[in-house]
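Accompanying notes for the structure given below.
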Amino acid sequence: MPVLHNRINNEELKQRMLAETEPRTTVSFYQYFHIADPTAFRNELYRKCYDLKVFGRVYIASEGINGQVSVPAGNYEAFKETLYAAAPELNGIRMNIAVDDDGKSFWVLRMKVRHKIVADGIDDPTFNIGQKGKYLKAREYNELAEKPDTIIVDMRNHYEYEVGHFENAIEVPSDTFRDQLPMAVDMLKGNEDKNIIMYCTGGIRCEKASAYMLHNGFKNVFHVEGGIIEYTRRAKEENLPIKFRGKNFVFDERLGERITDEVIAQCHQCGSPCDAHTNCKNDGCHLLFIQCPECAAKYEGCCSAECRDEMHLPADEQRIHRAGRENGMKIFNKSKDHPLRKHRDEWKGEREQTSTQDI
């Protein structure tokens with residue numbers, strides 16, 4: 001029986017994966033449904049996925065499952081059947097196959113039990129994820145998006161929106177999904193009767209967001225079935241115009257998959273057109289940011305001259321430099337300077353004041 005967590009050095013596992021000759025498929029999936037014993041469910045599924053040489057991240061909670069994994073091509077059908085058989089609600093679950101994929105996205109299996117599969121901050125016992133918006137397939141999305149009374153809302157983080165988004169989509173400029181939900185409601189007040197289309201990478205966030213909008217009085221709420229990944233696949237299959245611009249950010253080794261050739265973002269260091277995310281090479285930083293090849297050479301893969309210089313210090317001096325340093329979100333925090341920041345900060349202040357009064 002395999003151990004129920006990894007015990008091998010990550011670098012060794014990565015080299016093993018890169019040395020594989022059998023092709024792999026990267027696929028994401030999710031399903032909201034009740035799991036009575038998430039730990040037991042996790043352990044049984046882990047054993048089976050381990051035997052199939054599945055790599056990736058899978059989160060399990062009482063509200064359902066959320067995963068993105070890499071599967072050897074020869075084991076893909078067996079993996080699907082394993083997932084389908086894990087619970088009746090998973091039988092036939094949609095599998096979002098990556099758009100731009102060489103299969104080299106993960107090298108270890110991490111399967112964790114969490115409080116929720118998407119952290120949402122919702123503590124209202126009357127909220128029902130089952131009362132969600134209507135699914136839109138690619139053709140339906142294209143048709144509804146063209147109507148003048150339609151508002152398109154991106155429910156992803158700012159660093160995802162920056163490199164690619166649907167045409168005319170509005171950004172909810174917040175750092176977390178839990179903040180985005182009530183902020184989206186606040187931003188769209190007065191539009192309760194309009195068509196509200198919500199989307200995200202694979203569908204899991206916008207599905208919950210659509211239910212939250214309905215819960216807050218919006219009447220015509222839709223969400224893109226399977227998110228950007230499934231939309232792109234169907235649009236290509238049906239030879240439809242692709243309404244998404246740029247690159248789709250993904251949370252694996254690739255950090256993005258190309259949807260269209262258009263580059264809509266800029267290098268964070270010099271401002272030249274670029275949409276390639278990277279992590280700062282300084283081990284005391286690892287900031288996620290956009291960097292062009294010229295700046296990558298100039299700063300040696302670091303986010304700043306300071307990080308580049310610190311990276312070359314002796315190890316003991318590096319530790320002294322890092323002492324007491326606060327490591328916040330490991331992302332380029334564009335939302336701090338976002339044009340809607342004033343609105344967002346006022347909104348947060350009002351909520352905090354209301355919460356204090358309630359106490």
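Please treat every number below as a calculation from the coordinates, not as lab data. Note that the structure is a prediction, hence the values are computed from the model and not measured.
Search the structure for amide H atoms under 5 Å from the amide H of residue 255, placed 1.01 Å from N in the peptide plane, and list their residues when 5 or more places away or on another chain.
Sorted by chain and number, the residues that satisfy this are 250.
From the phi angles alone, apply the Karplus equation (6.51, -1.76, 1.60; θ = phi - 60°) to region 261-270 and give each ³J(HN,Hα) in whole Hz, x where the residue is Gly or Pro.
Result, ordered by residue: 6, 5, 9, 10, 9, 10, 4, 6, 9, 10 Hz.
Going down the list 80/137; 14/208; 14/132, which pairs span over 29 Å between their C-alpha atoms?
Pairs exceeding the cut-off: 14/208; 14/132.
Counting alpha carbon pairs within less than 8 Å and at least 6 residues apart, what relative contact order, in whole percent, applies to region 134-241?
32 percent
Let me check I have the definition right: for region 27-128, take the eigenvalues of the Cα gyration tensor, multiply each by 5, take square roots. What are those semi-axes in whole Å, largest first?
Listed largest to smallest, the semi-axes of region 27-128 are 24, 15, 13 Å.
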